[in-house]
1. All but one of (1) over 18 Å from residue 181 (Cβ atoms); (2) among the small types (Gly, Ala, Ser); (3) surrounded by fewer than 22 Cβ atoms within 10 Å (Cβ to Cβ) hold for residue 111; state the number of the condition that does not hold.
2. Go over the candidates 4, 62 one by one and state the one that is hydrophobic (A, V, I, L, M, F, W, C), open to solvent by 70 Å² or more (accessible area, probe 1.4 Å) and in contact (Cβ under 8 Å) with a residue 12 or more places away in the chain.
3. Within segment 14-49, can you find the residues that are over 17 Å from the mean Cα position of the chain (by Cα), farther than 28 Å from residue 161 by Cα, not in a loop (DSSP other than H, G, I, E, B) and not aliphatic (A, V, I, L, M)?
4. Would you be able to tell me the number of residues in segment 40-89 that are modelled with pLDDT under 95 and in contact with a Gly (Cβ under 6 Å, 6 or more places away or on another chain)?
5. Search segment 42-59 for residues that are closer than 21 Å to residue 4 by Cβ and pair each with any residue that is part of a loop (DSSP other than H, G, I, E, B) and open to solvent by less than 50 Å² (accessible area, probe 1.4 Å) when their beta-carbon atoms are under 9 Å apart and the residues are at least 6 apart or on different chains.
6. Of the numbered conditions (1) modelled with pLDDT of 95 or more; (2) within 28 Å of residue 139 (Cα to Cα); (3) in a loop (DSSP other than H, G, I, E, B); (4) not β-branched (Val, Ile, Thr), residue 97 fails exactly one; give the number of that condition.
7. For residue 157, indicate whether it is over 26 Å from residue 12 (Cα atoms) and either outside any helix (DSSP H, G or I) or open to solvent by 60 Å² or more (accessible area, probe 1.4 Å) (or both).
8. Looking for whichever is of a type outside the set (A, V, I, L, M), in a strand (DSSP E or B) and at pLDDT below 95 here; the options are 109, 163. Which one fits?
Amino acid sequence: MPTLTVPALADEVVRLRPWRPEDADAQLAAFGDPVFVRFSDWAPTRRAEVLDRIASVERARLEGRGLHLAVVAADDPSAVLGEVSLSGIDPDQGRAGVGYWLAPAARGRGAAVRAVRLLTRWALTELGLARLELTCGPDNLASQKVATRCGFQQEGLLRSHLRFQGGRRDSLLFSLLPADLPPA
């Protein structure tokens, strides 16, 4: 797949933009949050790790494998709220995975729903994907709420789906198809 162009996606509350090295401290603070650590198997503790991640997600974009975007305040592009992403983009099968996280101060205000809706509509209409998949732990109720508010349909439980924090974790599987999108 060719390089992914960063789409201009925004509404009156959030804007999606590429990650920048100057965002490293905001990412590091968010990754140290106990809620983030509870639901993630990767929590860097050093700025250098975050800078490596920023470079890695840019390489994935250039190679057409993924698109990880900073979710920022629409009126202040330096105010990092979190991230929304497409990963594992498979152009032959027309599908990708959707992910998201928010910094503690951004939670509970609808920022994740807005960001996911912006990126998923673009992925299904402009990028032309036929299916988006989203997985989360059965105990991650906030992530499940975001998924359903964005129109994702729960399909089932993937038992012992991934290695997670020294063991294995089940995952709930959700999907979003072009027909699931509400009218623009």
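1. Going through (1) over 18 Å from residue 181 (Cβ atoms); (2) among the small types (Gly, Ala, Ser); (3) surrounded by fewer than 22 Cβ atoms within 10 Å (Cβ to Cβ) one by one, residue 111 breaks only (3).
2. 62
3. 21, 22, 25, 47
4. 0
5. 52/44; 53/19; 53/44; 54/19; 57/19; 57/66; 58/19
6. Condition (3) is where residue 97 drops out.
7. yes
8. Exactly one of 109, 163 is of a type outside the set (A, V, I, L, M), in a strand (DSSP E or B) and at pLDDT below 95, namely 163.
The values are calculated or read from the model by the stated rules, or taken from the named source; none is laboratory data. Computed from a prediction, not measured in an experiment: that's the story for all the values here. All Cβ positions, glycine included, derive from the backbone under ideal geometry; neighbour counts span all protein chains shown. Ligands, DNA and RNA are stripped out before the accessible areas are found, and what is left, the full protein with its side chains, is counted by its heavy atoms. Shrake-Rupley method; radii C 1.70, N 1.55, O 1.52, S 1.80 Å.
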